[in-house]
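The values are calculated or read from the model by the stated rules, or taken from the named source; none is laboratory data. Predicted model, so just to flag it, every value in this text is computed and none were measured. Note that each Cβ is placed from the backbone with ideal geometry, even for glycine, and that neighbours are counted across all protein chains shown. Note: areas computed on protein heavy atoms with side chains; ligands, DNA, RNA excluded. Shrake-Rupley method; radii C 1.70, N 1.55, O 1.52, S 1.80 Å.
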Amino acid sequence: MNGDRIPGPRQDRRTADRPATSGLDPFDDRTSAEDFQLPNLDVLESEAVHVFREVSGEFERPVLLFSGGKDSAVMLHLALKAFAPAPLPFALLHVDTGHNFPEVLAYRDRVVARNSLQLHVASVQEFIDSGELRDRPDGTRNPLQTVPLLHAIETGRFDAVFGGGRRDEEKARAKERVFSLRDEFGGWDPRRQRPELWHLYNGRHSPREHVRVFPLSNFTELDVWQYIAREQIELPSIYYAHRREVFKRDGMWLAPGDWGGPRDGEAVETRLVRYRTVGDMSCTGAVVGSGADTAEKIITEVAATRLTERGATRADDRLSEAAMEDRKREGYF
């Protein structure tokens, strides 16, 4: 991210040679509909900015989930742009599993300090220490985030929670509305979702219910990377190709750590890797052999892939066909 300077939109290559739309006559036969179309990234940006402003005007205590991953980084960038030059009118919330990548935590704290933001941290480790949660045998803590998240929402009295979920990530998330109503237990019921015609959003909810809000719903992974490149958004270094110790388990390359890897017989190797998505170290696999060390090179790779980022590199989504939907029904974001 660029600190206090929030860059404005840049001209898209597809419209670089077109005349400016100001002064065009809609009744001139030489004027086509394409002359009035915004580039795709500008449309997505405008939609997200509208969502942030709508929530800020409609809800009392919104909060933005910020893990330090690329989607939350883009979401925060859009939120800062939506309210500039005023300060961000809501705080950030991170559910810390205790097994996060050090580079990501350092990035999170750097961004928070640079932009003078308020950060709430819900710690999975604290719930384990208190006996309210128990570590899983496989060491994966991503599924354990739900209880600390719901506790933070309740104690913080947050009535709207911004998340970086996108519809292209996974089939359960494809069912989400931009405004996703959650019941008093944080649970998600797809049958209770409301229609969102003409970008009109219904945020009404009963006491103790809240709404999850997804400003990046209509972004794809490729859109996210193109926007990162256009806006020059800083990301944690692990998104770009680097050499790292990894070991192979169940077809995925994982990073060693205190979470429980490697086991006996799992050889540690130093490989050239990068990460497509960032979560708990115990379930986030690396892309091995990629030399993509810039956003532009990653855009080329993403454009050619036929596997979603979660399907390719997230072990927690392989637990069952409905793993994500089951967790969402329990209150997961």
**Asked** Take the residues of the stretch 227-236 that are in a helix (DSSP H, G or I) and not aromatic (Phe, Trp, Tyr): which is surrounded by the most Cβ atoms within 10 Å (Cβ to Cβ)?
**Response** Glu231
**Message:** Looking at the stretch 103-121, I want the residues that are at positive phi and aliphatic (A, V, I, L, M) and have a partner that is crowded, with 18+ Cβ neighbours inside 10 Å and at pLDDT 95 or above with Cβ atoms under 6 Å, at least 6 apart or on another chain. Which pairs are those?
**Reply:** none
**Residue count, the stretch 38-66 (criterion: touching a residue at least 40 places away in the same chain (Cβ under 8 Å), outside any helix (DSSP H, G or I) and open to solvent by less than 50 Å² (accessible area, probe 1.4 Å))** = 6
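Table: residues versus (1) in a loop (DSSP other than H, G, I, E, B); (2) at negative phi; (3) polar (S, T, N, Q); (4) open to solvent by 20 Å² or more (accessible area, probe 1.4 Å).
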position	(1), (2), (3), (4)
Ile238	no, yes, no, no
Val246	no, yes, no, no
Trp253	no, yes, no, yes
Gly265	yes, no, no, yes
Val278	yes, yes, no, yes
Ser282	yes, yes, yes, no
Ser290	yes, yes, yes, no
Val302	no, yes, no, no
**Request:** Please verify whether the stretch 204-215 includes one or more residues that are open to solvent by less than 10 Å² (accessible area, probe 1.4 Å) and small (Gly, Ala, Ser).
**Result:** no
**Fill in**
If we take the stretch 95-185, then helices (runs of 4 or more DSSP H) inside it with 2 or more residues that are touching a His at 6+ places or on another chain (Cβ under 6 Å), among the charged types (D, E, K, R) and modelled with pLDDT of 95 or more are none
**Asked** Out of all the residues in the stretch 100-113, is one or more in contact with a strand residue (DSSP E or B) (Cβ under 6 Å, 6 or more places away or on another chain) and open to solvent by less than 70 Å² (accessible area, probe 1.4 Å)?
**Response** yes
